Amino acid sequence: SVQPVSLEAVVSTQSTGEAKSRIFETMCKETGCTDNAQLRLETLCKSKITKNTLAEWLETVCRIFDAYASPVLSTACTLETEMGRLKSERIEDQKKIIELQEKIIEKKDLEMDNVKKEMKTAVQSEIKSYSSVLKTTCSKALAPRKVQAALKTAAAEEDRSKSLVIYGIEEKKEEKLEETVLDILSHLDEKPRIVSCCRLGRDNVQGEAVTRKPIRVNLSGSDHVRQILQKKRKLRSVEGYTTVYLCPDRTTEQRVTHKNLVDEMKRKRLSEPEKHHFIRNNLVVSVSSGT
């Protein structure tokens, strides 16, 4: 009879592959097969293979399966179950992450809405405050009396820009001021249209020394005034007008300021005669004579 591979022999083998090879070698040898693939029903049912031999082979194969394949299958099932559990946990974690992200986005949107509301409230408050201040300031600034005063001052400044004052012209009885002024201006190569001209100050009283009150001349435009004042130094070389002086039509405050500047310039001429002193931009300027 055929000696089957015992269970002890299978268990004592070094590996599953070696145990499988030994049982298949025995079965191929007994059935006359050269390859494991030839082990079919017709080869196993040969008359020389007894029922007991087949039963022993079946028992050996079952024991090999139980000793080696069954634990592997059990482990595989356990792994599949664990993988399924991990997959489910991962899906749950992803859901939680998505929920947390949605909550964070919702919180940020809420915070942004609060910031917008606070900014809107602050801006409205500032606008309201600014509007109140502006209203109060404008109402004070645009008070009728102040507006009238401002307009009057502006009109006066406009009138003065078209006027100039001439000093040093001797007063005569029944004098013709316009002809005198035109003669003076002709030496400056200027022939403007004179709107009006008059002496400034009160008339001389009989017995008082005769004064030379200044003459205010109103022209048709401020450009003529600027051109004449730029050429006024030419009169220093004109016979009869060397002591005549032309200047802008200044306000009382401006005359005081200019007089102070003239006094300062005179003092510097005495203290620093080696320098040239003149008034420019409401300042007394001193430069060396050779400059």
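So here's what we get for this one:
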{"read-out": "In region 42-60, the residues that are in a loop (DSSP other than H, G, I, E, B) and polar (S, T, N, Q)", "value": "47, 50"}
{"read-out": "Exclusive hit being charged (D, E, K, R), without any contact (Cβ under 8 Å) to a residue 24 or more places away in the chain and at negative phi, set 82, 56", "value": "82"}
{"read-out": "Meets criteria (modelled with pLDDT of 80 or more, over 14 Å from residue 246 (Cβ atoms), out of contact with any Ser or Thr (no Cβ under 6 Å at 6 or more places or on another chain) and surrounded by fewer than 10 Cβ atoms within 10 Å (Cβ to Cβ)) for residue 174", "value": "yes"}
{"read-out": "Looking only at region 272-290, and only at residues there that are under 26 Å from residue 247 (Cα atoms) and not in a strand (DSSP E or B), the one that is most open to solvent (accessible area, probe 1.4 Å)", "value": "281"}
{"read-out": "Hits in region 1-30 - residues which are of a type in the set (D, E, K, R) and at pLDDT below 75", "value": "8, 18, 20"}
{"read-out": "Subset of region 63-98 [open to solvent by less than 70 Å² (accessible area, probe 1.4 Å) and of a type in the set (A, V, I, L, M, F, W, C)]", "value": "64, 67, 69, 76"}
{"read-out": "Residues of region 29-71 satisfying the condition of being out of contact with any Asp or Glu (no Cβ under 8 Å at 6 or more places or on another chain) and among the hydroxyl-bearing types (Ser, Thr, Tyr)", "value": "31, 34, 43, 47, 50, 60, 68, 70"}
{"read-out": "Members of region 31-41 that are modelled with pLDDT of 85 or more and either part of a helix (DSSP H, G or I) or crowded, with 16+ Cβ neighbours inside 10 Å (or both)", "value": "31, 33, 37, 38, 41"}
{"read-out": "Condition met for residue 256 (open to solvent by 40 Å² or more (accessible area, probe 1.4 Å), free of Cβ contacts under 8 Å to residues at least 60 places away in the same chain, closer than 24 Å to residue 283 by Cβ and not basic (Lys, Arg))", "value": "yes"}
{"read-out": "Odd one out for residue 105, checked against (1) at pLDDT 90 or above; (2) in contact with a Leu (Cβ under 7 Å, 6 or more places away or on another chain); (3) aliphatic (A, V, I, L, M)", "value": "(2)"}
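The values are calculated or read from the model by the stated rules, or taken from the named source; none is laboratory data. Worth saying up front: this structure is predicted, and the values here are computed from it rather than measured. Positions of Cβ are generated from backbone atoms using ideal geometry, with glycine treated the same way; all protein chains shown enter the neighbour counts. Heads up: the accessible areas ignore ligands, DNA and RNA and are worked out on the full protein's heavy atoms, side chains in. Shrake-Rupley method; radii C 1.70, N 1.55, O 1.52, S 1.80 Å.
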